[in-house]
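Worksheet: the structure to be examined is printed underneath.
The values are calculated or read from the model by the stated rules, or taken from the named source; none is laboratory data. Just so you know, these numbers come straight off a predicted model, no measurement behind them. Here Cβ is always computed from backbone atoms with ideal geometry, including for glycine, and neighbour counts include all displayed protein chains.
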Amino acid sequence: MSTLQVEAGSTARVDVSWRGTALSGQYQGFIRVDSSTNDVRSFIPYWYSAASTTPSGISLLDPPSTGPAGETATVFLRVVDPSGNVIPGAALEVTPAPVNIVRDPDYLGLVLLTLPLQAGENAFWLKSGDVTRTLTIVGK
């Protein structure tokens, strides 16, 4: 518990930190603020996410559903943990090969795939850790 004196109509910055080793996951609650001059009590909500290195999902960012056969399709994705945090550098397998995989240095965890398209349905299997996802693009 700490005490902070703030005059009426004024503001003050309060830094909040947690000590200890948090398990990965989401944490939420309220910070209670009591007035020392009257009976006013306020609750300030907080949400905190402790990142994990265990993949829980592969988020595709607006992938194409079709593309020209004989050319390539570009797909952006991110590997995320159970709280939705990006896992930079997460291992990623894509089959069938060959596939060009580039990690964008300017955007945390963003992966660019260049996928060759044949005529008809092209199914690509994405895998990171125990997470798998299928991406289908029709070559026209």
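Are any residues in the stretch 36-55 assigned to a strand (DSSP E or B), in contact (Cβ under 8 Å) with a residue 24 or more places away in the chain and more than 30 Å from Leu92 (Cβ to Cβ), and if so, which ones?
Tyr46
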- Note on the structure: The correct count of residues that are over 15 Å from Ser83 (Cβ atoms) and either assigned to a loop (DSSP other than H, G, I, E, B) or modelled with pLDDT under 80 (or both) in the stretch 13-35 is 10
- Item | Selection status of Asp39, charged (D, E, K, R) and within 26 Å of the chain's Cα centre (by Cα) | no
- Message: Within the stretch 76-83, does at least one residue satisfy the condition of being surrounded by 13 or more Cβ atoms within 10 Å (Cβ to Cβ), part of a strand (DSSP E or B) and hydroxyl-bearing (Ser, Thr, Tyr)?
- Response: no
- Message: Looking at the structure I just gave you, is Ala73 on the phi < 0 side of the Ramachandran plot, modelled with pLDDT of 90 or more and not in a strand (DSSP E or B)?
- Response: no
